[in-house]
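Take a look at the structure below.
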Amino acid sequence: MRRVILITALLMITSLSTIPLVSSNPQTDGSTNTISASETWASDGPMDGDVIISNGATLTINGDITMADKSSILVEEGGTLDLNGKLIGENLNAALRVADESFISADFGSLSGQGQLIINFDQYVISEQFCNLTINGQTTDVSGQSKAEIDVTYNGSPINVTFEIFSFILPEISTIQSRDVNGQIQTILAQDINQTGSSIAWRGVPSFDVTVEGTMTSDGGEFQGANITCSGECTLQNSTLIGSAPINVENGTSLTAETSSIIGSRTDEDIVLHDSAVINYDTDTMTGTGGTTDAWIRLLSQRIIQTNLMDAGATVHYEGIGWNGDVGDNILDENGRVDIGGTEARRIVEWLDGNGVHGMEDSEVLITLNGGVTTWSEGYDVLIDPAPTTPYHQVSIKLPFVSIDSVVPEDTSGTANKGLGVMVTVSNTGEAPVKTNIRCYEGDDLADTTTLLVSLEVDETKKLPTTWWANASGSKALTCKALIPVGFNSLSDTLTSSSGATSSEISFKEAEDSEDAPLILYGALLVFILIGTALFTRRSAASVANIEQDTEEKEYDDEILDDLDEEVTEEQDSIDGESDESED
């Protein structure tokens, strides 16, 4: 039994001896150190250079490490960084971004007596706008000033300052100082100022880099002045980040943040989620920079919408895009695409603001293919509601496809310049209705046919009668095609067959005497008119002659009658005279 216990103890000792328990210190000479086995930094001290934690290795930091400028820690895939201590950048450059109605409390301990309160601005409001601050009921205009010096009386209590600001650019305070009657100065750095309604901003570049492609866990750790990029799995618990925001969480990776504080960001957000990055952010236990600085945002790398409209130049109208809810118009490029994320603000599609309120854009995009006034104007568009919140989105607009099924003449032969009946069969095999003109050709030349205009619903077929006038004799064929708007460019090939449909060969002959027939007709008509005119004239002349003869005869008879009347009268007078004489 004792032998078994002894053997077991020896095995345990042997197995424990194989675990590398290495305690070491970081390099200070600016070199590159690759950690390939587990290692612990337990003591406080400086670091200058680059550290690479390779696959399978773990670096545990329990001490407070002061990082030289431009130093870095890279956690490769499969590597692990455990931070329980601090990583402190040599140079921190913070500023307090002051908003309207914000409040700061400058605490200089037991300082008493007359003196001045000095507020140093890294960024200040231009004189055309205004920035007022009020202390103990006294208001001072500090617009256009990089430094404000105000007489105050110190009594061992904090000096409270309230800001009233009307400006597109918010002022930023680098330090607050006190000057007593002896000229002694105390300084409070921006990150140490007690404030409400303001936010910490970090000027310039970060002091050092931490890039995580593997795993990083900070439990009780602290970062000061770090540039953190998470391309693997990152966890913050009971941790503090001072001037180490934003944390960039790359596409396809994740960040868990709880029971931690983020104080100060170099941008307007503490955490940036790129594309489809995942975040587990406990709003109940997390404290962010606050104020105008968002807790986190989702930023898309691009906002490309790909359509099937190719280079047709369709219009794009969008509303409610991005953090500002932009409204605007655009057109598709030569590949049928549009990027609605032309600015960073338009690529921010989701956020948690400084007050812990979650927000998303309320947006839509309308893409329209514009045809003619009467043809190809059936509303070829698509409404994307809500707008895509992914870097790339593909959408298909329903379009018609006009098929010229057949061109069938009524006969196998015809006569030049004489109409020949033709039946054109047209179908719409696409996904949208269409109204289009049909053009017919003799070879490459436009044929002389009646106009063809057709409206087709989806899967509808129509027969269109037309008349073809061949302009010369010979063997000819008629080809009919749908007329597509010129502005549709290469999209036309997806809307109809460019070859259309062609009839069988028709033999046209010259019309025999066909050109003299009108002359003969006109000549016959002229002869008929002349003959008619002659007959009418002759009859008219004869009628006039008869009337004149009747008139002459009547006049002659009247003269005879008049003569007879005169003779009778004379004879009667003679008789009457003789009677009178006999009576006497």
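The values are calculated or read from the model by the stated rules, or taken from the named source; none is laboratory data. Worth saying up front: this structure is predicted, and the values here are computed from it rather than measured. Because the Cβ atoms are built from the backbone with ideal geometry, glycine has one as well, and the counts that use them run over all protein chains shown.
Residues in the range 175-195 that are surrounded by fewer than 20 Cβ atoms within 10 Å (Cβ to Cβ) and under 42 Å from the mean Cα position of the chain (by Cα): GLN191 alone.
Search the range 213-229 for residues being in a strand (DSSP E or B), touching a Gly at 6+ places or on another chain (Cβ under 9 Å) and not β-branched (Val, Ile, Thr), and hand back the single one that is surrounded by the fewest Cβ atoms within 10 Å (Cβ to Cβ).
Keep residues of the range 213-229 that are in a strand (DSSP E or B), which gives 215-219, 222-224, 226-229.
Now narrow it down to the ones that are touching a Gly at 6+ places or on another chain (Cβ under 9 Å): 215-216, 222-224, 226.
Next, only the ones that are not β-branched (Val, Ile, Thr) stay: 216, 222-224, 226.
Numbers: MET216: 26, GLU222: 20, PHE223: 28, GLN224: 25, ALA226: 24.
My answer is GLU222.
Within the range 54-112, the set of residues being aromatic (Phe, Trp, Tyr) and either over 43 Å from the mean Cα position of the chain (by Cα) or part of a loop (DSSP other than H, G, I, E, B) (or both) comprises just one member, PHE108. Taking SER207 as the residue in question, decide whether it is more than 28 Å from PRO46 (Cα to Cα), of a type outside the set (Phe, Trp, Tyr) and touching a Leu at 6+ places or on another chain (Cβ under 8 Å). Criteria not met by SER207. Across the range 391-413, a minimum of one residue is classified as touching an Asp or Glu at 6+ places or on another chain (Cβ under 6 Å) and without any contact (Cβ under 8 Å) to a residue 60 or more places away in the chain. Can you tell me which residue is nearest to GLU378 (Cα to Cα) among those in the range 415-445 that are assigned to a loop (DSSP other than H, G, I, E, B) and of a type in the set (D, E, K, R)? For the range 415-445, the residue satisfying everything is GLU431. Taking (1) outside any strand (DSSP E or B); (2) in the same structural domain as MET286 (by TED's automatic domain parsing); (3) surrounded by 15 or more Cβ atoms within 10 Å (Cβ to Cβ) in turn, VAL210 satisfies each apart from (1). For SER112, state whether it is modelled with pLDDT under 90 and of a type outside the set (Val, Ile, Thr). Considered against the rule, which asks whether it is modelled with pLDDT under 90 and of a type outside the set (Val, Ile, Thr), SER112 comes out as no. Of everything listed in (1) assigned to a loop (DSSP other than H, G, I, E, B); (2) crowded, with 18+ Cβ neighbours inside 10 Å, the single unmet condition for LEU117 is (1). Taking (1) assigned by TED's automatic domain parsing to the domain that holds THR502; (2) at pLDDT 95 or above; (3) not charged (D, E, K, R) in turn, ILE348 satisfies each apart from (1). With respect to (1) assigned to a loop (DSSP other than H, G, I, E, B); (2) surrounded by fewer than 14 Cβ atoms within 10 Å (Cβ to Cβ), the lone exception for ILE397 is condition (2).
Do we have SER260 as modelled with pLDDT of 95 or more, closer than 18 Å to ASP282 by Cα and surrounded by fewer than 18 Cβ atoms within 10 Å (Cβ to Cβ) here? Criteria not met by SER260. Residues that are farther than 19 Å from THR240 by Cβ and in a loop (DSSP other than H, G, I, E, B) within the range 272-296 comprise ASP275, SER276, ALA277, THR292, listed in sequence order.
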